[in-house]
Amino acid sequence: MSVTNVQTDPGAKTLTLTADFDAPVARVWEMWADPRRLERWWGPPSYPATFVEHNLAPDGRMLYYMTSPEGERHYGWWRVRSVSEPHKLEFEDGFADENGAPNDQLPVTVSRVTITEEGNGTRMTIESNFPSTEAMQEMIKMGMQEGLTEAVNQIDALLSS
Amino acid sequence: MVVDSEERANRLFHALSDATRRDIVRQAARSNHSVSALARMYPMSFAAVQKHVVVLEQAGLIVKERHGREQRVRTDISALRNAHVLLDELAAMWRERLDRFGDVLAESSKGAKS
């Protein structure tokens, strides 16, 4: 298990994860910088990700899609806010339509990645800020464990009845 | 708290699988009722309604509050959804991502050494 700490701050809608890896900083960075490696972990096995654009540079854009078990493609984009190889990366990510055009209706998530040497290995922290519950729910729809999503939908249906 | 997100889902599903319990959540979302007031709404014993209330409470769907001599039941679904359930799910998603991250990393490290 690489994740060593998870903190959630419901008030600030922020999630902070810390993970320790038995690998040098440069190799951990490669997991973000190499699209073929990135797509192997970004999407869950049931919704594998494919990056069709990958530009890890300030203001650089990424475009990917996740393929549902039924073969539907769900597109997402990133915009790189700042990048400082191999230690820091800050990006926005959001949803896109089937042509890859960003969906302005859905809010954007901002994530800050920090990669530092720690002992003989590497520590990576990810701080994600979710501006609204819509953004969160939309993310959940895209390939999370389905249990709670369904439960939450059931609650919605229940209360609107 | 993230580790219990699976368990929380199980409890939610179980809690919502019963028509009386779904109705109690609906009632509690509209206004605060005492457990005895709730018990009068259903054709069952106070003890039976009390049991349903406990299941809903354990699922985090309702909260019991003491008002003088009576216990009132209230539900705050939006707070539940916004603050806890969604963040826990997102945390679970990132944990899974980072577990895969670790696996791919270990694989590529091995590859580099050979």
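The values are calculated or read from the model by the stated rules, or taken from the named source; none is laboratory data. Predicted, not measured: the structure shown is a model, and the values here were computed from it. Note: ideal-geometry Cβ built from the backbone for every residue, glycine included; neighbour counts use all protein chains shown. Calculation scope for accessible area: heavy atoms of the full protein, side chains included, ligands and nucleic acids excluded. Shrake-Rupley method; radii C 1.70, N 1.55, O 1.52, S 1.80 Å.
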inquiry  = Can you tell me which residue is nearest to A:TRP41 (Cα to Cα) among those in segment A:104-149 that are small (Gly, Ala, Ser) and either at pLDDT 60 or above or within 13 Å of the chain's Cα centre (by Cα) (or both)?
reply    = A:GLY143
query = In the set B:ARG100, B:ARG95, which member is modelled with pLDDT of 85 or more, closer than 19 Å to A:ASP9 by Cα, in a helix (DSSP H, G or I) and within 9 Å of chain A (Cβ to nearest Cβ)?
reply = B:ARG95
note = Of the listed residues (A:LEU63, A:LEU56), the one being over 15 Å from A:GLY100 (Cβ atoms), out of contact with any Lys or Arg (no Cβ under 7 Å at 6 or more places or on another chain) and modelled with pLDDT of 90 or more is A:LEU56
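Name the residue, out of B:VAL3, B:VAL63, that is at pLDDT 80 or above and open to solvent by 20 Å² or more (accessible area, probe 1.4 Å).
That would be B:VAL63, the only listed residue that is at pLDDT 80 or above and open to solvent by 20 Å² or more (accessible area, probe 1.4 Å).
With the structure loaded, tell me whether A:SER111 is under 23 Å from B:LEU90 (Cα atoms), within 13 Å of chain B (Cβ to nearest Cβ), touching a Phe, Trp or Tyr at 6+ places or on another chain (Cβ under 9 Å) and polar (S, T, N, Q) or whether it fails that test. Steps first, please.
On the way: under 23 Å from B:LEU90 (Cα atoms): yes; within 13 Å of chain B (Cβ to nearest Cβ): yes; touching a Phe, Trp or Tyr at 6+ places or on another chain (Cβ under 9 Å): yes; polar (S, T, N, Q): yes.
Here the answer is yes, as A:SER111 does meet what is asked.
Let me confirm something: among A:VAL83, A:VAL28, which residue is more than 15 Å from the chain's Cα centre (by Cα), within 9 Å of another protein chain (Cβ to nearest Cβ) and touching a residue at least 24 places away in the same chain (Cβ under 8 Å)?
Result of the check over A:VAL83, A:VAL28: A:VAL28.
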key: Given (1) modelled with pLDDT of 85 or more; (2) outside any strand (DSSP E or B), index of the condition B:SER108 fails   = (1)
remark   = Residue set A:VAL83, A:VAL52; condition in a strand (DSSP E or B) and open to solvent by 70 Å² or more (accessible area, probe 1.4 Å); output residue A:VAL52
ask   = Can we say A:GLU90 is open to solvent by 30 Å² or more (accessible area, probe 1.4 Å) and touching a helix residue (DSSP H, G or I) at 6+ places or on another chain (Cβ under 9 Å)?
value = no
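Would you be able to say whether some residue in segment A:14-24 is part of a helix (DSSP H, G or I) and either open to solvent by 40 Å² or more (accessible area, probe 1.4 Å) or within 12 Å of chain B (Cβ to nearest Cβ) (or both)?
Going residue by residue through segment A:14-24, those that are part of a helix (DSSP H, G or I) are none.
No, that holds for no residue.
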ask   = Do you know which of the residues in segment A:30-49 that are small (Gly, Ala, Ser) and open to solvent by less than 10 Å² (accessible area, probe 1.4 Å) is modelled with the highest pLDDT?
value = A:ALA49
